[in-house]
Amino acid sequence: MRLIDAEHSGEIDLFYFDESGFSQQSHLPYAWSPKGEPLALPCYSRSKRLNVLGFLSRKGTLLHHTTESRVNTDVVIEAFEHFIDVQPLDKLTVIYLDNASFHRAKRFQEKCHEWLLKGLVVMYLPAYSPELNIIEILWKKIKYEWLSCHDYITFDALKKSVKSIMDNYSSKYTITFS
């Protein structure tokens, strides 16, 4: 039986994990504005960075962990520990993730064995296949649809807006997966 079928039948919980960063440094290649009203945003050569580590299911569950520090193995382990604390592991739970170096680190692998005893299975997607990780769609929606240009005016405004989107996912912000 495929994992997605097992998820649909309620036999397992299936999540997709990834990290994404948000900063005031522009990543928008272009923007549209009304004629005669050019859109201008301040250019930031340096900006703080909000890193969001997320667990997304096709059923609409989103759990996230944020940090302003660099993402490394310890931060990823911390996010997984938070996930285990708040997500009931009353049935087998599978988490798909990519092959980032901190997902393959020895300490992370050791924790994977510990989490397996709690009913959490970590599985890796094929290398260089972001299209298989549904949380990539979430990052794209947040950055290019749900955040407005005004959200980037200050770092605090950006943090607040990203937090609001993450907290209101599945009620105000949704993605339908087939």
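Taken as a whole, segment 60-74 holds at least one residue that is in a helix (DSSP H, G or I) and in contact with a helix residue (DSSP H, G or I) (Cβ under 6 Å, 6 or more places away or on another chain). Tyr96 meets all of the listed conditions (1) closer than 14 Å to Ser20 by Cβ; (2) in contact with a strand residue (DSSP E or B) (Cβ under 7 Å, 6 or more places away or on another chain) but one, namely (1). Could you list, in sequence order, the residues of segment 75-94 that are crowded, with 17+ Cβ neighbours inside 10 Å, of a type in the set (A, V, I, L, M, F, W, C) and either assigned to a strand (DSSP E or B) or at pLDDT below 95 (or both)? Result: Val94, single match. Out of curiosity, is His64 closer than 14 Å to Tyr16 by Cα, of a type outside the set (Ser, Thr, Tyr), surrounded by 14 or more Cβ atoms within 10 Å (Cβ to Cβ) and touching a Gly at 6+ places or on another chain (Cβ under 6 Å)? It is true that His64 is closer than 14 Å to Tyr16 by Cα, of a type outside the set (Ser, Thr, Tyr), surrounded by 14 or more Cβ atoms within 10 Å (Cβ to Cβ) and touching a Gly at 6+ places or on another chain (Cβ under 6 Å). Annotation: Thr66 fulfils all but one of (1) closer than 24 Å to Phe177 by Cβ; (2) polar (S, T, N, Q); (3) in contact with a Ser or Thr (Cβ under 7 Å, 6 or more places away or on another chain); the unmet one is (3).
Restricting the search to segment 105-135, which residues are modelled with pLDDT under 95 and touching a Phe, Trp or Tyr at 6+ places or on another chain (Cβ under 8 Å)? Answer for segment 105-135, where residues must be modelled with pLDDT under 95 and touching a Phe, Trp or Tyr at 6+ places or on another chain (Cβ under 8 Å): just Leu132. The residues in segment 99-128 that are part of a loop (DSSP other than H, G, I, E, B), over 25 Å from Gln24 (Cβ atoms) and touching a residue at least 12 places away in the same chain (Cβ under 8 Å) can be counted, and the count is 6. Scanning segment 132-170 for residues that are among the hydroxyl-bearing types (Ser, Thr, Tyr) and out of contact with any Gly (no Cβ under 9 Å at 6 or more places or on another chain) returns Tyr144, Ser148, Tyr152, Thr154, Ser161, Ser164. Restricting to segment 50-86, name every residue that is polar (S, T, N, Q) and out of contact with any strand residue (DSSP E or B) (no Cβ under 6 Å at 6 or more places or on another chain). Passing the criteria: Thr61, Ser69, Asn72, Thr73.
Only one residue in Leu39, Leu14 is under 28 Å from Lys172 (Cβ atoms) and modelled with pLDDT of 95 or more. Which one? Before you say what the answer is, go through the steps one by one.
Details: Leu39 fails: modelled with pLDDT of 95 or more.
Result of the check over Leu39, Leu14: Leu14.
Just one of (1) at pLDDT 95 or above; (2) part of a helix (DSSP H, G or I); (3) more than 17 Å from Phe15 (Cβ to Cβ) fails for Tyr144. It is (1).
With respect to (1) among the polar types (S, T, N, Q); (2) surrounded by 13 or more Cβ atoms within 10 Å (Cβ to Cβ); (3) more than 16 Å from Ile95 (Cα to Cα), the lone exception for Asn133 is condition (3).
The values are calculated or read from the model by the stated rules, or taken from the named source; none is laboratory data. On a predicted model such as this, the values are computed, not experimentally measured, just so you know. Reconstructed Cβ throughout: ideal geometry from the backbone, glycine too, with neighbour counts over all protein chains shown.
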